[in-house]
Structure formats: structure tokens, C-alpha cells
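Trainee: Handing you this structure, nothing more for now.
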Amino acid sequence: MATIKEISRKAGVSATTVANVIHGRTSKVSPATLQKVQAIIESEKYAPNMGAMMLLGNNSRIIGVIMFTEPRHNETVLEDPFSSAILGAMERDIRAAGYYMMLYVSSDEEEVVRLSKAWKMDGLILVWVPGKICSIISSSVDVPLVYIDCFFNDDDHTYYNIGLEDRRGGYEVTKYLLSMGHTNILFLPCNPIFPGGDSERFSGCKEAFTEHGLVLTDEAKRPLPYDRAKREKIYLEITGKDAGYTALVFSSDYYASEALTFLQEQGINVPDDISITGFDDNIFSRLVTPRLTTVHQDSSRKGRLAIEMLMRLLRGEEIEQPRVTLPIYLQIRDSVRKL
């Protein structure tokens, strides 16, 4: 394995310049030199000595990641491809930048605040944190902090967040369902405790109804529990003849795919008996039969942009756009029929 001295000799630069590139201190390194050194580092498969870097920099080289969600009893949040795609992208970029990732999943507000204060880390990523505690955390943490999919209740703080066009996603999928003749729909949020983006998506559903001169009431929303057996009971209940729904609008492909498969096992045909849509466009949406009509988002890009923003904050660079909103588009497949 190549050393910093060997890389500096091959690149024709000083060992200090190579070290600066490895540690992300590139403000005074020319683009040409940066590209040349990075290419040699990659070709030599150089791996930094993390222990030495910690001692040298007097820091932890740890990036904390806290996912604010209810831990599932018979499942894990990582089973959802949406979550694993975000985490996989972040871990790869964190490691490439010479840091370690430390992950924690919790739905306890006080615990999240306590961990944010107590962990010895260089930076922190918070995912799905309710807006009411974002200001508490932001004022308590003295390391660079970036949020993913968080919603904020005040404008007194500068929040660095990678978000999504959640409202537009709900609007687009509902507009499509209405064009297919579906006016009796049920929206199924993912998180019964901390709605976050689910509320925005349901607002988008309401907006599409209003645009068509119709009203979608709050009764057209039913949060799903974390227990699978309880969800399956709900799936049967809402597809019964007495329910009267023609389309189920899920706020994630994970639950939409689960429901689609379960219902067809019970002899309920999708989309002939009930139409189903999802949100995320993850791998599940393309593996189930029929393939799932869903709202596409690039979850891996969320993770990459969050780490890119965090690294810029660690280098003391100015962030011109602290809140980034990623686009969505409707991916039409086979799980909706025209009435």
C-alpha cells in the first residue's frame, strides 16, 4: 500500500499537499493538482491511518447519523430500501472523506437531544427530526449539523437541510388517480407518531382534489402501525366491500409493496379490485407484480448531498443554499386501473 511520501513523489508535489487533499483541506490546492493527487490516491488504493489522523487532528473523525423514527419490533428500518439507500450513500462518502459513520435510531426526543450533545464527533446528520425539536438541537450542538427530510417551525435559525418536493409528490399522484376516475381514495402515512413529510404529501393530495372541485377530508387518511400483523388486518378492512375505496395511496413503496403482495395472496386482485400507488420508486416497486405506480425520488442523492454539505461546513466554506429541495416525478406502471 502506498504511503503519503510515495504519492507525493508520483504526483510531483509535497507530502503536505497530499495530506491536505486526504484531509479535505483543498482551498489552496489548484484544481489540476487536486485532480492529479486524487487520481493517484485512487489508483494506489490508499487507505488513511484513521488512528493517526485522530491523534494528529485532535478530533474523533466520526460523523454521527441519527435517524428519528420508531424502532420496529419485528423489522428494522434498514429493511426499507429507501432508508438503506440513504445510509449506503452516506457511509460510502463519509469513508471516502476519511471519517467513520456512527448510526443510531431513536424516536425519543430527549434521547436525541442528549446524544447530540454527548457524542464526541466532528459532524452530525439528523434524519426525519420533528421541527419542534430542531431548534433545541441546533442551539445545543456545537459541531456542523445537516438535516435530511426535516421540517422547521421557526426562521430564527439557519438550517442546513436536504429535502424533497413532498407536497408536489402527493399532488401529482392524486391528480393522476383523479384522471383515472378515482375519487374515493385513502392516504396511508408511514409514521403514525411523527408525520413529517407525510403531512406535506397529504396536503398535496388535498390540493389535487380542490383543483378538481372536490374535497378530500382528513378522514381519508389512516396512519399505518409498525406491527405487520396489525397492518395486514387494516389492509383487509380497507379493501372490503363496505369500505368503498377504489385506490390506496401509500406514502412509501415499502408498505405499498407489502400490501399489494398480501392482498393478492388473499385473492384480492390489484388493480382490478383495488388500485395502489406508492412513493419513493425503490427496488420493491419494480419487483412486485403488477409493478407499482409510484412517485420517484433519488434517495441516494439525498445522502450524497447531505455529506457534501457537511464536509463543506467542516472546511468552513460558505453554503449559499442551506435548504435544498430535490425534485420528484410520477412513475406510471401497472398498479392503477382506469374506472
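Trainee: If you take the Cα Rg of region 104-214 and divide it by 2.2 N^0.38 Å, with N the number of residues, what do you get?
Mentor: In units of the globular-protein estimate, region 104-214 measures up at 1.31.
Trainee: Quick one: give the max-minus-min coordinate of the C-alpha atoms of region 135-274 along each principal axis, largest first, in Å.
Mentor: Principal axes ranked by extent give 56, 37, 20 Å for the Cα atoms.
Trainee: Going highest first, how would you order 107-114, 245-252, 220-227, 158-165 by mean Cβ packing within 10 Å? It would help to have the intermediate numbers written out before the result.
Mentor: Working: 107-114: 14.6, 245-252: 25.2, 220-227: 16.1, 158-165: 19.8.
Per-residue mean Cβ counts within 10 Å order the peptides as 245-252, 158-165, 220-227, 107-114.
Trainee: Could you tell me what fraction of 2.2 N^0.38 Å the Cα radius of gyration of the chain comes to, as a two-decimal ratio?
Mentor: On the way: Rg = 23.2 Å, N = 339, 2.2 N^0.38 = 20.1 Å.
In units of the 2.2 N^0.38 Å rule of thumb, it is 1.15.
Trainee: Return the percentage of antiparallel bridges among DSSP beta bridges fully within the chain, rounded to the nearest 5 %. Each step should come with its number before you reach the end.
Mentor: Working: 3 of 35 bridges.
About 10 percent, rounded to the nearest 5.
Trainee: Still on this structure, please answer the following. On full extension of the chain, what length is gained from K45 through R92, given 0.36 nm per residue of separation minus the C-alpha to C-alpha distance?
Mentor: 15.5 nm
Trainee: Once neighbouring chains are kept in place and the probe is 1.4 Å, which whole percent of the accessible area of the chain is contributed by carbon and sulfur?
Mentor: After summing per-atom areas, the C and S share lands at 49 percent.
Trainee: Would you mind working out the accessible area per residue for region 193-264, using a 1.4 Å probe, and quoting it in Å²?
Mentor: Dividing the accessible area of region 193-264 by its residue count gives 45 Å².
Trainee: Right, another one. Return the FRET efficiency for the residue pair F262, S135: r is the Cβ-Cβ distance, R0 is 35 Å, and the value is rounded to the nearest 0.05.
Mentor: 0.30
Trainee: Any idea which of L292, I276, T239 is furthest toward the positive side of the dipole for region 208-339, if Lys and Arg beta-carbons carry +1 and Asp and Glu beta-carbons -1?
Mentor: Comparing the listed Cα positions along the dipole, L292 ranks first.
Trainee: Give the dimensionless ratio obtained when the Cα radius of gyration of region 191-339 is divided by 2.2 N^0.38 Å.
Mentor: 1.22
Trainee: So, one more: Could I have the simple spin-label model distance between Q38 and R286, label points 7 Å from Cα toward Cβ, reported in nm to one decimal?
Mentor: Distance between the two pseudo-spin positions: 2.7 nm.
Trainee: Please list, by residue number, every one of the GluC sites (Glu not before Pro) in region 238-339 that is coil in DSSP and has at most 14 other beta-carbon atoms within 10 Å. Working shown, then result.
Mentor: Details: sites: E258, E265, E308, E317, E318, E320; in loops: E317, E318, E320.
Filter output for region 238-339: E317, E318, E320.
Trainee: Can you return the lysines within cross-link range of K5? Criterion is Cα-Cα under 20 Å, with same-chain partners fewer than 8 residues away left out.
Mentor: Straight-line reach from K5, under 20 Å: K28, K36, K45.
Trainee: Hey, for a label at N184 modelled as a point 7 Å past Cα toward Cβ, could you say which residues of region 256-300 have their backbone N under 15 Å away?
Mentor: 273-275
Trainee: Taking K206 as the anchor, which lysines have their alpha carbon closer than 29 Å to its alpha carbon, excluding any fewer than eight residues away along the same chain?
Mentor: K132, K175, K221, K230, K233, K241, K302, K338
Trainee: Quote the convex hull volume per residue of region 267-315, based on C-alpha atoms, as a whole number of Å³.
Mentor: Expressed per residue, the convex hull around the Cα atoms of region 267-315 is 70 Å³.
Trainee: Once you list every other residue whose beta carbon is under 15 Å from the beta carbon of E44, what net charge do they have if Lys and Arg are +1 and Asp and Glu are -1?
Mentor: That sum, taken over residues with Cβ under 15 Å, equals +3.
Trainee: Here's a follow-up. According to a simple spin-label model (label point 7 Å from Cα along Cα-to-Cβ), what is the distance in nm between K117 and H157?
Mentor: Spacing of the two 7 Å Cα→Cβ label points: 1.3 nm.
The values are calculated or read from the model by the stated rules, or taken from the named source; none is laboratory data. The structure presented is a predicted model; accordingly, all values stated were derived computationally and were not measured. Because the Cβ atoms are built from the backbone with ideal geometry, glycine has one as well, and the counts that use them run over all protein chains shown. In case anyone asks, the SASA skips ligands and DNA or RNA and just uses the protein heavy atoms, side chains included. Shrake-Rupley method; radii C 1.70, N 1.55, O 1.52, S 1.80 Å.
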